[in-house]
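Visitor: I'd like to ask you about the structure that follows.
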Amino acid sequence: MTTEYNSLLKSPRWFEKRKIILARDNNKCRCCGATNGLHVHHRQYHVSKRTGSFQLPWKYQNKYLITLCDKCHTTGHSKFKVPTFTVS
């Protein structure tokens, strides 16, 4: 991910989307049940065919987002590469 994309994760629109996903997941890590240090993780990334840019983080369908604690998020990224798909 780029620095520019990471800065989008500080926007009010991402915070709103994040709040929705955390509530859906009962403010718990979906892997271990932890309630502290929670992240909303993108299960996959989408890149626009037309522009080559990553989709805005808050534009993802909820099914592509999951709540993970810091430990599970870090472990997941170290074991698995998040797939990137080209979309319209």
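The values are calculated or read from the model by the stated rules, or taken from the named source; none is laboratory data. This is a predicted model, so every value here is computed, not measured. Note: ideal-geometry Cβ built from the backbone for every residue, glycine included; neighbour counts use all protein chains shown. Protein only, heavy atoms only, side chains kept; ligands, DNA and RNA dropped before computing areas. Shrake-Rupley method; radii C 1.70, N 1.55, O 1.52, S 1.80 Å.
Visitor: Quickly run through segment 45-63 and pick out the residues that are surrounded by 14 or more Cβ atoms within 10 Å (Cβ to Cβ) and outside any strand (DSSP E or B).
Guide: Matches in segment 45-63: Gln55, Leu56, Pro57, Trp58, Tyr60.
Visitor: Could you please find all residues in segment 29-40 being in contact (Cβ under 8 Å) with a residue 40 or more places away in the chain and open to solvent by less than 30 Å² (accessible area, probe 1.4 Å)?
Guide: Cys29
Visitor: Let me ask another. Could you tell me whether Asn26 is assigned to a loop (DSSP other than H, G, I, E, B) and either free of Cβ contacts under 8 Å to residues at least 60 places away in the same chain or open to solvent by 30 Å² or more (accessible area, probe 1.4 Å) (or both)? Quick ask: steps written out before the conclusion?
Guide: Details: assigned to a loop (DSSP other than H, G, I, E, B): yes; either free of Cβ contacts under 8 Å to residues at least 60 places away in the same chain or open to solvent by 30 Å² or more (accessible area, probe 1.4 Å) (or both): yes.
Answer is yes for this residue.
Visitor: Could you grab me the full set of residues in segment 10-23 that are under 14 Å from the mean Cα position of the chain (by Cα) and in a helix (DSSP H, G or I)?
Guide: Arg13, Trp14, Phe15, Glu16, Lys17, Arg18, Lys19, Ile20, Ile21, Leu22
Visitor: Here is a follow-up. In segment 29-44, what residues are part of a strand (DSSP E or B) and touching a Cys at 6+ places or on another chain (Cβ under 9 Å)? I'd like the intermediate steps shown before the answer.
Guide: Taking segment 29-44 and keeping what is part of a strand (DSSP E or B), we get 38-42.
Listed by number, the residues that qualify are Leu38, His39, His41.
Visitor: If you check every pair at least six apart or on different chains, which have Cβ atoms under 8 Å apart with a residue in segment 3-16 that is among the small types (Gly, Ala, Ser) first and a residue that is surrounded by fewer than 12 Cβ atoms within 10 Å (Cβ to Cβ) second?
Guide: Note: no pairs meet the criteria.
Visitor: How many residues are assigned to a loop (DSSP other than H, G, I, E, B), farther than 14 Å from Cys31 by Cβ and either open to solvent by 80 Å² or more (accessible area, probe 1.4 Å) or among the charged types (D, E, K, R) (or both) if we restrict to segment 71-88?
Guide: 2
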